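Remarks on the structure that follows.
Each reported figure results from applying straightforward, stated rules to the coordinates on display, with no laboratory input. For clarity, every value in this text was computed on a predicted model and none was experimentally measured. Cβ placement follows ideal geometry from the backbone for every residue including glycine, while neighbour counts extend to all protein chains displayed.
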Amino acid sequence: KKIIVLFYIISFTQLFGQSEDAKTQILDIMSKMENVPEYNCEVKIKIDVKFIKIKERTGKMYYSSPTEIDYKINGFAFLPKKEMTATSSELFKKDFIAIDLGNELVNNQDCDVIRVIPMDIESEISTGQFWVNKENLIRKMTIITKDKGSYDALFEYGDIKYDLPKKITMLFDVKDQKIPALLSGDLESFSEQKDKETNEISKGKITIDYSNHRFN
C-alpha cells in the first residue's frame, strides 16, 4: 500500500511538476487561518441525507484554534469530527508537494486549482485539492483520505473578520447507510435503516451557516 502511494506521488509530480508559487500560496492561506483569534459564533445546521430525517438545528461554536473547536447544538450531538481548517491543516504538518493545475470557475469566480500531496506516506490524508480565488480565499476543497472516506466542501464568504466563511456546504457519498468516518460524528445513530445493508451509494449534504461572531 505504501509503495502504491509513493508511486502515485512520483508519477503525479512527473506529469505536472511541483510549483513553489502554489506551495507558497497555500502556506499563506494556512498561516492566515492559524492567526485567527479565539471567537464564538452562532451556527445553523441543515442535513440532507436520504436515510436520515433531522430538522434544521441551531447552536453555537466556540473556536480556540483549528484543532480546538467545540459545538453546542440544541438536542443534537452531531457535527463533523473536525472543522474544515483542522482537517485541511493536517496536510501541512509535514512536507508536501503542491501542484498547479491551472484555473477553473467556482460559482463564477476564477480560481487557481492547487493539488496538495503529503510526502509522509503515513499521512491519513492521501491528497487535497483547493480552488483559491483572487482574494486568496478557498472557494472549494476536496479531501481524500486513505481509510475514512472523502468529501467536497464549498465555502461562501461575507463581511466577517479574518476572512472566515459565512457558510460551508459539505458534499459526500453515502454507501451502505454509512457516512464517511471523517464526517460522521454520531450521525449514524439517527439512521432509520442503520442495520440494513443496501450497497446503495447516494449523495449526502451538510450545510453550516455561521453568524454573529464575537472575537476575544
* Can you work out the FRET efficiency for the pair Glu135 and His213, with r the C-beta to C-beta distance and R0 = 22 Å, to the nearest 0.05? -> 0.75
* In Å and from the alpha-carbon atoms only, list the Rg and Dmax of the range 97-152. => 12.1, 37
* Ile160 paired with Ser64, simple spin-label distance in nm, labels 7 Å along Cα-to-beta-carbon -> 2.1
* Sorted from largest down, what three extents in whole angstroms do the Cα atoms of the range 24-67 have along their principal axes? -> 42, 23, 13
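May I ask you to compute the full-extension gain from Lys46 to Lys205, defined as 0.36 nm times their residue separation minus their alpha-carbon distance, rounded to one decimal in nm?
Result: 56.4 nm gained on full extension.
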